[in-house]
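Everything on this sheet refers to the single structure shown next.
The values are calculated or read from the model by the stated rules, or taken from the named source; none is laboratory data. All values derive from a computational prediction rather than experimental measurement. Methodologically, a virtual Cβ is constructed for each residue, glycine included, from the backbone with ideal geometry; neighbour enumeration extends over all protein chains shown. For accessibility, only protein heavy atoms count, side chains too; no ligands or nucleic acids. Shrake-Rupley method; radii C 1.70, N 1.55, O 1.52, S 1.80 Å.
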Amino acid sequence: MDFHREKVGSGGPFEDVVGYSRVLCAGPLVFVAGTTAGSDGSPIPESCEDQTRQTIEIIKTSLNKVNVTLDEIVRVWMFVVNIKRNWEAVSRVMNLHFGSIKPVMTMVEVSGLIDDKMCIEVEMDAVRK
């Protein structure tokens with residue numbers, strides 16, 4: 001199969017340094033790279049709940065550029081620092097956005113992210129309608 005590839009950046013500081021796209025579409029498949037608060041160059045909020053909220057907004061903005069919405073998300077991975085302390089805050093925000101959609105999700109603990117202020121990184125996959 002030969003799919004047309006469409007790539008979108010979010011203006012984040014690491015996209016060009018590392019060499020990746022925020023969103024890559026291959027035919028009906030849509031892949032969202034690991035995204036954190038501040039991935040678009042904005043300040044990183046202090047609370048994990050606010051970081052999760054900002055992360056989802058960055059992803060939504062990037063998906064909108066390729067005419068995809070959160071309703072089309074089929075899989076979510078969450079990488080959380082100090083999961084015992086932060087899982088409930090993360091879950092509150094995720095449930096607001098995905099409570100009725102119910103994609104498959106995985107939340108795992110990681111020892112750290114690229115910036116010590118960060119508590120969550122999120123990856124997503126979607127299938128275009």
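For Lys84, give me every one of the lysines with a C-alpha distance below 26 angstrom, ignoring sequence neighbours fewer than eight places off in its own chain.
Counting by Cα, and skipping residues close in sequence, Lys84 has these lysines nearby: Lys102, Lys117.
With a cut-off of 8 Å between alpha carbons and a minimum separation of six or more residues, what is the relative contact order of the range 64-129 in percent?
That works out to 53 percent.
Any idea what the relative contact order of the chain is, in percent, if you count C-alpha pairs under 8 Å spaced at least 6 apart?
That works out to 31 percent.
Could you work out the relative contact order of the range 24-76, using alpha carbon pairs under 8 angstrom and six or more residues apart, expressed as a whole percent?
Result for the range 24-76 is 25 percent.
Calculate what fraction, in whole %, of the accessible area of the chain sits on carbon and sulfur atoms when a 1.4 Å probe is rolled over the protein chains.
Whole-percent figure for carbon plus sulfur exposure: 51.
Taking the solvent-accessible surface of protein heavy atoms with a 1.4 Å probe, what is the per residue accessible area of the range 18-129 in Å²?
Result: 51 Å² per residue.
Provide the net charge surrounding Val80, with neighbours chosen by a C-beta distance below 15 Å and charges set as Lys +1, Arg +1, Asp -1, Glu -1.
Cβ neighbours under 15 Å give a net charge of -3.
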